[in-house]
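Novice: The structure that follows is given in the form of structure tokens.
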Amino acid sequence: MAQDTYIILGATSAIAIATARRLAKSQAKLALVGRNQARLSQLADDLKVRGATETLTITTDLVDGDAPEKVYSEITEAMGPVSGILIFYGILGDQMRAVEDTEHALEIIDANFRSTAAWIIEGAKMLDRSTSPNRALIGISSVAADRGRRSNFVYGAAKSGMSTMLQGLAHQWDGEKGAPRAVSFKLGFVDTPMTDGFDKSGPLWAKPDAIGARIEAALRKGGPIIYAPWFWRWIMLAIRLTPNFVFKRVNL
């Protein structure tokens, strides 16, 4: 993957950092986008030490900041054709608060779907124009998108919208010779600051570096839906197939 250029949206999240460090080892060029310039600069320095041939930092609020078209144009002007876009940012929010507070519910939807839709649509246009031979657009979604559950249906609905858009984009590109790929990357439980309030005992939890390895591989092949870790595909299949008269009695 030498000299490939990747755009990482939400670059300071734990999984984004783990993925970026792996890409740096392959001497990729990395455009890091987020809202904390100090952390972006620190990450850029770290990635250069790890092998990244070039880094670029862009500070913006990915939900309500600069237009995606403007950011993408700035990156391509500075770094050339783009090989991949990785969308890591999002918020979990508070489900109990969201069902009582419409403003908070919309904040969750804006962060996880409305804004990501704009980055996906503009990113797809850019990848269509890119001359890079192997292009991919990956959005980090969640297994919560697979079936509405009382514990997180606002977050799940937003992630479902993002996943559906990526699946549709993958379908649009499918069969076009040399077209990019779109991948909805559905995560289970991952040990990150976003999940600090959770009980992390048990075998279902994954570490960011393991997820980063799977995302790195997905830049080359796979999709349009990838579950990580792999066993969540079968867990969520069972949940989707559970009859409603049983499902409604389960506290999930």
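Novice: Which percent of the accessible area of the range 165-252 is formed by carbon and sulfur heavy atoms (probe 1.4 angstrom)? Write out the running numbers ahead of the final one.
Specialist: Working: 3160 of 5240 Å².
Exposed carbon and sulfur together represent 60 percent of the surface.
Novice: What residues have an amide H closer than 5 Å to that of I85, excluding those fewer than 5 places away on the same chain, when H is modeled at 1.01 Å from N in the peptide plane?
Specialist: Those lying under 5 Å, H to H, from I85 are I7, A136, L137, I138.
Novice: While we're here: Using only Cα atoms, locate the centre of the range 87-138 and the centre of the range 7-44, then give the distance between them in Å, rounded to an integer.
Specialist: About 18 Å separates the Cα centre of the range 87-138 from the one of the range 7-44.
Novice: Moving on. Can you order the peptides 4-13, 42-51 by their average number of other Cβ atoms within 10 Å per residue, highest first? If you can, show how the numbers build up before the last one.
Specialist: On the way: 4-13: 24.0, 42-51: 15.9.
By packing density, highest mean first, the sequence is 4-13, 42-51.
Novice: So, one more: Across the chain, how many lysine pairs separated by 8 or more positions, or lying on different chains, have Cα atoms within less than 14 Å? Spell out each step's value before the answer.
Specialist: Details: K25/K48; K29/K48; K70/K125; K159/K186.
So the count works out to 4.
Novice: How much net charge surrounds A118 when only the other residues with a Cβ under 12 Å from the Cβ of A118 are counted, with Lys and Arg +1 and Asp and Glu -1? Could the numbers behind the result be given before it?
Specialist: On the way: positive: K70, R114, K125; negative: D64, D66, E69, D110, E122.
Net of charged neighbours comes to -2.
Novice: Please figure out what share of the DSSP beta bridges in the chain is antiparallel and state it in percent, rounded to the nearest 5.
Specialist: Values: 0 of 31 bridges.
Rounded to the nearest five, the antiparallel share is 0 percent.
Novice: How much length, in nm to one decimal, is gained on full extension between E100 and H171, taken as 0.36 nm per residue of separation minus their Cα-Cα distance?
Specialist: Values: separation 71, 0.36 × 71 = 25.56 nm, distance 3.68 nm.
Stretched fully, the E100-H171 segment lengthens by 21.9 nm.
Novice: Could I ask something else about it? Give the Cα extents of the range 154-208 along the principal axes, in whole Å, largest first.
Specialist: Between the extreme Cα coordinates on each principal axis of the range 154-208 lie 45, 24, 17 Å.
Novice: Mind checking which of A117, A78, A136 has the largest fluctuation in a GNM of the chain, springs on alpha carbons under 10 Å?
Specialist: Between A117, A78, A136, it is A78 that shows the largest mean-square fluctuation.
Novice: Sum up the charges of everything whose Cβ sits under 13 Å from the Cβ of R150, counting Lys and Arg as +1 and Asp and Glu as -1, but leave R150 out.
Specialist: Working: positive: R147, R149, K248, R249; negative: none.
Local charge sum for R150: +4.
Novice: Once you have the Cα-Cα distance between K200 and K70, take 0.36 nm times their residue separation minus that, and quote the gain in nm to one decimal.
Specialist: On the way: separation 130, 0.36 × 130 = 46.80 nm, distance 3.98 nm.
Once the chain is fully extended between K200 and K70, it gains 42.8 nm.
Novice: Here's something else I'd like to know. Under 5 Å between amide hydrogens, which residues at least 5 positions from D66 or on another chain qualify, with H placed 1.01 Å from N in the peptide plane?
Specialist: Correct list: D61.
Novice: Can you figure out the FRET efficiency of R220 with R114, using R₀ = 22 Å and their beta-carbon distance, to the nearest 0.05? Walk me through the numbers on the way to the answer.
Specialist: Working: r = 30 Å, r/R0 = 1.36.
Computed FRET efficiency for R220 and R114: 0.15.
Novice: Net charge within 12 Å of D61 by Cβ-Cβ distance, Lys/Arg positive one each and Asp/Glu negative one each, not counting D61 itself? Spell out each step's value before the answer.
Specialist: Numbers: positive: R35; negative: D64, D66, D110.
Value of the local net charge: -2.
Novice: Summarise the accessible area of the range 1-140 (1.4 Å probe, protein heavy atoms) by the percent that is carbon and sulfur. Present the calculation step by step, with values, prior to reporting the outcome.
Specialist: Numbers: 2960 of 6090 Å².
Ligands and nucleic acids excluded, carbon and sulfur give 49 percent.
Novice: Would you please put 137-143, 157-163, 54-60 in order of how densely packed they are, using the mean number of other Cβ atoms within 10 angstrom per residue and starting with the highest?
Specialist: 137-143, 157-163, 54-60
Novice: In square angstrom, what is the accessible area per residue of the range 114-193 with a 1.4 angstrom probe?
Specialist: Numbers: 3210 Å² over 80 residues.
Computed with neighbouring chains in place, this is 40 Å² per residue.
Novice: A further question follows. What accessible area per residue comes out for the range 27-79, rounded to a whole number of Å², with a 1.4 Å probe?
Specialist: On a per-residue basis, the range 27-79 sits at 51 Å².
The values are calculated or read from the model by the stated rules, or taken from the named source; none is laboratory data. Values in this document were obtained by computation on a predicted structure and should not be read as measured data. For neighbour counting, all protein chains shown are included, and Cβ atoms are generated from backbone atoms with ideal geometry for every residue, glycine included. Heavy atoms of the whole protein, side chains included, go into the accessibility calculation; ligands, DNA and RNA do not. Shrake-Rupley method; radii C 1.70, N 1.55, O 1.52, S 1.80 Å.
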